[in-house]
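The values are calculated or read from the model by the stated rules, or taken from the named source; none is laboratory data. Not measured: the values here are computed from a predicted model. With ideal geometry, Cβ positions are generated from the backbone for all residues, glycine too; neighbour counts draw on all protein chains shown. Ligands, DNA and RNA are stripped out before the accessible areas are found, and what is left, the full protein with its side chains, is counted by its heavy atoms. Shrake-Rupley method; radii C 1.70, N 1.55, O 1.52, S 1.80 Å.
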Amino acid sequence: MKILKFGGSSAATPERIKAIIEIVKSYSQEDVAVVFSAFGGVTDQLIQLSQLALEGNLEYKQKLEQLEKRHLDSVRELTKVSTQSGILAQVKVQINELEDVLHGIFLVKERTPRTLDYIMSFGERLSAFIICEAFKDRGLPTEYLDARKVIRTDSQFGYAKVDFEVTHKLIRDHFKNHLDTQIITGFIATSESGETTTLGRSGSDYSAAIFAGALNASALEIWTDVDGMMTADPRMVKKAFTVPQMSYEEAMELSHFGAKVIFPATMQPAMAHRIPILVKNTFNPKAEGTLISADSVNGKLIKGISSMNNISLLNVQGSGLLGVVGVSMRLFTTLAREKINVILISQASSEHSICIAIETESAAKAKSSIEKEFIHEIHDELIDEIKVVQGLSIVAVVGDKMKQHPGTSGRMFSALGKNGVNVVAIAQGSSERNISTVIPQIDVSKSLNALHDAFFLSDKKTIHVFLLGTGLIGSTLIKQVKEQFQRLSEQNKLEVKLIGMANTKKMLFDENGLSLDACLAQLKESGEAMNLKSFVGKMIDLNLPTSVLVDCTSSEEVADQYEESLSANISIVTPNKKANSGPYEHYKKLKALARERGVRFLYETNVGAGLPVINTLNDLLLSGDRVIRIEGVLSGTLNYIFSSFVKGKVFSEVVAEAKAKGYTEPDPRDDLSGMDVARKILILSREAGIPLELADIEIENLVPENCRGEMSADSFLSKLKDHDAYFENLRTKAETKNEKLRYQAIFENGKASVKLGMVKSDHPFYSLSGSDNIILLTTERYHDRPMVIRGPGAGAEVTAAGVFADIIRIGNYSN
């Protein structure tokens, strides 16, 4: 004998019921009984009807008509015309009976728990009756069984307790005398005095388990709308997958903390009789589902992660708790007397405090009852004021194999910590099957995803990128990520998801990830109007694990958002120099904030584009080296100009040529002013530990005085011709000495300067060509022969590659 149970979502429409009939047909060679819930949503509708009637709202009649129509339409859809009249009549009789009860509530303005149970019973009675007739209409030998005939309970309406001894005998006796397939109402039962009762939340599952236990069934199959028990809630964790096997205890723990596929009460009769439970998907019958049994052979360390929202934490603390016998008994007796369910308990060995987690709706009552119980201790200041913290959730990781497996809790708290999730309270039983944490509810989705990655996808990490700036560098970055996506996934076990992007005009988001092929076109066509505050707010509100803000702009306004982003535990990667070359205190604050929040603030491309300058400098300092001198040609644009400025060429024409090739900013004066180079040497000085400000840098501005006012780039280039003789004189002077002009940045003895100078033929800068950068690091270790870092220092490809490398570093850091 197998017991099959189909829930409300499985039987929500006639089409779905037809699919159920086909599933049950496949068991034609086996002995089965089938338990049904009410049609999807009907139980809630019945409660609403009674509430409207209680409030004296005549709208209940209209909604009752809708409910009646739904059931009558189902009869017409599921049965032949020739057999419909009798079935329709029976349905009408039940609807009329329901109407009479509702009318009574409407008149007396009273709805007792007993009456509500009776009203709710109509859902299962109607669905099971109609489905049974649909089976008969297809020639299948079935019989309708109202479970109130065989399940006996006490009179605790709403959550009645089963008298298993009487119930088992009645069920067995019934099945001895009825050989056709029984179509059974779930959820409902009868008290000793003959009144209708209900079995509480997920009562239909419980009903099925009761029948399975009474009949010593070979299996209990719970057919629902998912492929089985999942590693996490798939609505919040897109990468969740079905767990093929788990133990009763694992399923019990997961269901207690919010996994709604199966409920703890269902497990109890099955566990008592060692009956395996198979969770299957009505909409995907071929899926293997999840087998819950005494012997779970799946080798995963943990089987699932679940959560429970709307939790409040009550903290009872004070010196009066230390070593006092009976305090805990008084506390929990008080809560039990008020019928308040304690979900989680956390107490330190110091005995100074006891934390209890309860549902938020019970928090006020719990606080009041505890204050009354300990009124004298509170008055005498032996116990502090009872504190209630709301807006919390419980997240639990569950698995039999956690027992005596070192490092499980470390992995859990590391994953939460790296994503900035504050753990408010912790609980773990001696069974070591469950580690539960209380966290802010706002962080639930991020926590579930971070933990799921840590435990189930520990060899693969997802980085959630928010890109500001889709110009040359930003668009090239998107292209590089697309080209390397598969290799990153296979070799580096990293997945880079572009969640949000924006330019100066529009912004676009997709929590599941934007298409790297189409995102730029999509931004242009369907992006919403850009608002920087809204962009950052949306990024923070999404609260995704391993989130990274990638700033590919040169905007100071964007840089001003770094502090808020880091405070929200979002890492930052940027080639934008504005933040790091602003006020020193702000620079220090951003770095400190990143450390404090456990996130990364990476800006390798601030200096030298894709060259490993900042990381190399930091590694030297970290290993105990000390910087003596930094020299560099840090502008690819200026190096191109002065490398190309040879005999026979005119300076203004070289600048115009550099602009035409895209080497300069739209206005070449931004490069010639030396300000960009000054920002770079300032950043390197600060990285070396010297607290300089931009105003401390000695800057030689190569833009002639009469070219510095308001004018267009073309006008500037025209006026620059007037100064060609000056620059030619400098070039000639250098050439006469067999030297070359280079715009150099120098840091030494706590001072920094950027200026045009001449270098001799034996100097490393002499042979520099094109748009290359070069940096010489003279340190205590690299004293006689400075470390040389040389390579392309400008261009979208190398800069985007440097940004990409920083993004990957963050992915590796989060492992």
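Just wondering, is there one or more residues in the stretch 101-114 that are at pLDDT 95 or above, under 30 Å from LYS80 (Cβ atoms) and more than 42 Å from the chain's Cα centre (by Cα)? There is no residue in the stretch 101-114 that is at pLDDT 95 or above, under 30 Å from LYS80 (Cβ atoms) and more than 42 Å from the chain's Cα centre (by Cα). Within the stretch 385-411, the residues that satisfy the criterion of being charged (D, E, K, R), touching a residue at least 12 places away in the same chain (Cβ under 8 Å) and out of contact with any Gly (no Cβ under 8 Å at 6 or more places or on another chain) are LYS387, ASP400, LYS403, ARG411. Check the stretch 187-203 and report whether any residue there is of a type in the set (Gly, Ala, Ser), crowded, with 21+ Cβ neighbours inside 10 Å and under 14 Å from SER155 (Cβ atoms). Looking through the stretch 187-203, at least one residue is of a type in the set (Gly, Ala, Ser), crowded, with 21+ Cβ neighbours inside 10 Å and under 14 Å from SER155 (Cβ atoms).
Only one of the listed residues (SER414, SER369) is within 30 Å of the chain's Cα centre (by Cα) and of a type in the set (Gly, Ala, Ser). That residue is SER414.
Taking the stretch 316-357 as the range and being surrounded by 11 or more Cβ atoms within 10 Å (Cβ to Cβ), modelled with pLDDT under 90 and hydroxyl-bearing (Ser, Thr, Tyr) as the test, the residues that pass are SER319, SER328, SER346, SER353. Applying a threshold of 9 Å to beta carbon distances and a minimum spacing of six or more residues, or different chains, the list of pairs starting in the stretch 482-494 at a residue that is over 10 Å from LYS461 (Cβ atoms) and ending at one that is charged (D, E, K, R) and assigned to a loop (DSSP other than H, G, I, E, B) reads LYS482/ASP517; SER489/LYS460. Exactly one residue among LEU590, LEU566, LEU549, LEU544 is open to solvent by less than 20 Å² (accessible area, probe 1.4 Å), closer than 26 Å to LYS238 by Cα and in contact with a Phe, Trp or Tyr (Cβ under 6 Å, 6 or more places away or on another chain), and that residue is LEU549.
Is there any pair with a first residue in the stretch 161-174 that is under 16 Å from THR196 (Cα atoms) and open to solvent by less than 60 Å² (accessible area, probe 1.4 Å) and a second that is in a helix (DSSP H, G or I) and small (Gly, Ala, Ser) whose Cβ atoms are under 9 Å apart and which are 6 or more apart or on different chains, and what are they? Pairs found: THR167/ALA214. With respect to ARG781, is the statement that it is open to solvent by 70 Å² or more (accessible area, probe 1.4 Å) and either part of a strand (DSSP E or B) or at negative phi (or both) true? Here the answer is yes, as ARG781 does meet what is asked.
Among the residues making up the stretch 202-216, those that are more than 9 Å from GLY186 (Cα to Cα) and in contact with a strand residue (DSSP E or B) (Cβ under 8 Å, 6 or more places away or on another chain) are ALA209, ILE210, PHE211, ALA212, LEU215.
Between ASN580, ASN569, the distinction of being in contact (Cβ under 8 Å) with a residue 24 or more places away in the chain, within 32 Å of the chain's Cα centre (by Cα) and on the phi > 0 side of the Ramachandran plot belongs to ASN569 only. If only one of GLN66, GLN48 is within 35 Å of the chain's Cα centre (by Cα), modelled with pLDDT of 95 or more and in a helix (DSSP H, G or I), which one is it? After applying the criteria, what remains is GLN48. Among the residues making up the stretch 701-738, those that are acidic (Asp, Glu), within 26 Å of ASP772 (Cβ to Cβ) and open to solvent by 30 Å² or more (accessible area, probe 1.4 Å) are GLU728, GLU735. Give the stretch 65-114 a look and list any residue that's in contact (Cβ under 8 Å) with a residue 60 or more places away in the chain and out of contact with any helix residue (DSSP H, G or I) (no Cβ under 7 Å at 6 or more places or on another chain), or say none. Scanning the stretch 65-114 gives a single hit, ARG114. Between SER10, SER74, the distinction of being within 28 Å of ASN284 (Cβ to Cβ), under 35 Å from the mean Cα position of the chain (by Cα), open to solvent by less than 10 Å² (accessible area, probe 1.4 Å) and not aromatic (Phe, Trp, Tyr) belongs to SER10 only. Annotation note: of GLU30, GLU59, the sole residue that is loosely packed, with under 15 Cβ neighbours inside 10 Å, more than 24 Å from ILE87 (Cα to Cα) and either modelled with pLDDT under 95 or under 35 Å from the mean Cα position of the chain (by Cα) (or both) is GLU30. One residue stands out in the stretch 511-533 among those that are within 23 Å of the chain's Cα centre (by Cα) and not in a helix (DSSP H, G or I): the one that is nearest to LYS482 (Cα to Cα), namely LEU516. Taking ILE184, is it of a type in the set (Val, Ile, Thr), in contact (Cβ under 8 Å) with a residue 60 or more places away in the chain and crowded, with 22+ Cβ neighbours inside 10 Å? So ILE184 passes the test.
Here PHE129 passes the criteria (1) open to solvent by 60 Å² or more (accessible area, probe 1.4 Å); (2) more than 42 Å from the chain's Cα centre (by Cα) except the one numbered (1).
Kindly check whether there is at least one residue in the stretch 512-529 that is at negative phi, open to solvent by less than 60 Å² (accessible area, probe 1.4 Å) and touching a residue at least 40 places away in the same chain (Cβ under 8 Å). Yes, the conditions are met somewhere in the stretch 512-529.
Selection of the stretch 180-233 for residues being of a type outside the set (Val, Ile, Thr), within 16 Å of VAL162 (Cα to Cα) and part of a strand (DSSP E or B) yields ALA189, SER191.
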